[in-house]
Amino acid sequence: MIQYRRFLLKNGLRVVLHQDYTTPLAAVNILYNVGSKDEMPDKTGFAHLFEHLMFGGSINIKDFDTPLHNAGGENNAFTNGDITNFYDTVPIENLETVLWLESDRMLSLAFSKRSLDVQRKVVVEEFKETCLNQPYGDAWHHLSDMNYKVHPYRWPTIGLEPSHIEEAKAEDVKVFFEKYYCPSNAILVLAGPFEYEFALGLVQKWFGDIEPGNKNQRSLPTEKEQTIPQRKVQYSYVPAASLYMTFKMPGRMHPDFYAIDLLSDVLGDGSSSRLYDKLLREQKLFSYIDAYITGSIEPGLFVIEGRPADGVTVEIAEAAIWREIELIQQELVDNNELIKLKRKLETSNAFSETSILNKAINLAYYELLGEPDLINTEFDYYNEVTPEEIKKAACEILQKQRCNVLVYLPNDKILEPN
């Protein structure tokens, strides 16, 4: 059982503290309740840009990394459609150094032309490298556009196009920062070998006087239920054909989430999963196949992704996937198969909880969801899922009229006009 205490500062900063005396390290995690879904359609990629800008220095600290590394610390960050998350680990005796650094960039991030120019170039190069110059790299541009018509998940986290970042003005960037990167829109988690009163005192010292800002209040559009399947064929410079099948699913806090997640494991989690065992190993129809969910807070996607083996057409490969889907819709998953998956998940969760950093990151995310105790109880929800619930999830989610298919074909297969 992971013990923790929650506090709320007067400026709206949510604080979660977890004692862990098994390590000499402290983990500091700051989650900002802002992701790519908070961007404007003509200014996408800003949340990801800020993931980089936040390391460009603040008014009082010109270089974030050097003082942290001098204190024996490490740091990193990630951004997705829902959140922007920064995390640090440091020897416990240097915990205050991290809080000083994190509070200063929350209070007064530098918006110098040099910093913006440098980070803008980094982000644009990352866009080109991962999306434009990598086989299948623009898959999520196509999949997002096919699955979302009004919801801002319709652009990927890295942005719709490089020009949105290339043309970003300093004033646009400053407005975005002031709107979202403030105490009332943040969650701070500290984990490590400390006394609660000591840790809370340091948090109050470094964060308590920062102006609260405005809490992010969203009013996001809702997608209509899909009744007509979509299909898109993309000819590209790829080494082999590839197939993506997506289905809309409920958001993270929906009661069916755990059954749907386990359904994805039954189909695609590793070499013992059904799609791998039947279609790759036994029938040799695929060279690669997987099933997974996006796990987003808002309604997300159930994804089946595969690359047909040499000599196997996309049509044959896709038909084989549908046969496996129909089987799981008609027959109950064997209870032993389900128990094996649950044990694997339990082991994975237990291993994750040995990391002080993982605990800090998870506590911040669960606090955002409004249920921090999920860090202790979430496996119980998975454990309660029955074969009947997985069958029900398969029937409700994996429907042909709700399926969007993206196919990549090597461009040497483009037919010349007659």
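Coordinate-derived values only; no laboratory data. Bear in mind the structure is a predicted one, so any value in this text is a computation, not a measurement. Cβ placement follows ideal geometry from the backbone for every residue including glycine, while neighbour counts extend to all protein chains displayed.
Quick notes
- Of the DSSP H helices in the chain, those that are both long (alpha-carbon extent of 18 Å or more along the helix axis) and hydrophobic (Kyte-Doolittle mean at least -0.5) are 95-108, 314-330, 356-369.
- Three-way shape call for the stretch 15-69 based on the alpha-carbon gyration tensor, with the a/c threshold at 1.5: oblate
- When +1 charges are put on Lys and Arg Cβ atoms and -1 charges on Asp and Glu Cβ atoms, the dipole computed for the chain relative to its Cα centre reaches about 620 debye.
- Viscosity 0.692 mPa s, 37 °C: Kirkwood-radius Stokes-Einstein D of the stretch 220-318 over Cα pairs, µm²/s: 221 µm²/s
- Cβ-based net charge around VAL266, under 9 Å, with every Lys or Arg adding one and every Asp or Glu removing one: -2
- Computed Kirkwood radius, in angstrom, where 1/r is averaged over Cα pairs of the chain: 23.3 Å
- Per-selection Kirkwood Rh - the stretch 183-259 (Cα, Å, 1 d.p.): 19.0 Å
- Within straight-line reach of LYS278, meaning a Cα separation under 20 Å, sit the following lysines at least 8 residues removed in sequence or on another chain: LYS340, LYS391.
- Multiplying the residue separation of LYS179 and GLN399 by 0.36 nm and removing their Cα-Cα distance gives an extension gain of 75.2 nm.
- The stretch 335-393 shape via C-alpha gyration tensor axes, a/c threshold 1.5: oblate
- When the P(r) of the stretch 5-207 is calculated, the portion above 25 Å amounts to 40% of the C-alpha pairs.
- Simple point charges give the picture: +1 on the Cβ of Lys and Arg, -1 on the Cβ of Asp and Glu, and for the stretch 286-384 a dipole about the Cα centre of about 320 debye.
- Too-long pairs where the Cα-Cα distance tops 19 Å, listed order kept, from LYS121/LYS179; LYS128/LYS174; LYS37/LYS113; LYS232/LYS284; LYS232/LYS400: LYS121/LYS179; LYS128/LYS174; LYS37/LYS113; LYS232/LYS284
- The listed peptides 279-289, 299-309, 89-99, ordered by packing as a protection proxy, come out as 299-309, 89-99, 279-289 (highest mean of other Cβ atoms within 10 Å first).
- As a proxy for reagent exposure, ranking LEU200, LEU363, LEU8 by other Cβ atoms within 10 Å from fewest up yields LEU8, LEU200, LEU363.
- When the charge dipole of the stretch 230-413 is built from unit charges on Cβ atoms (+1 for Lys and Arg, -1 for Asp and Glu) and taken about the Cα centre, the candidate among PRO308, SER355, PHE257 whose Cα reaches farthest toward its positive end is PRO308.
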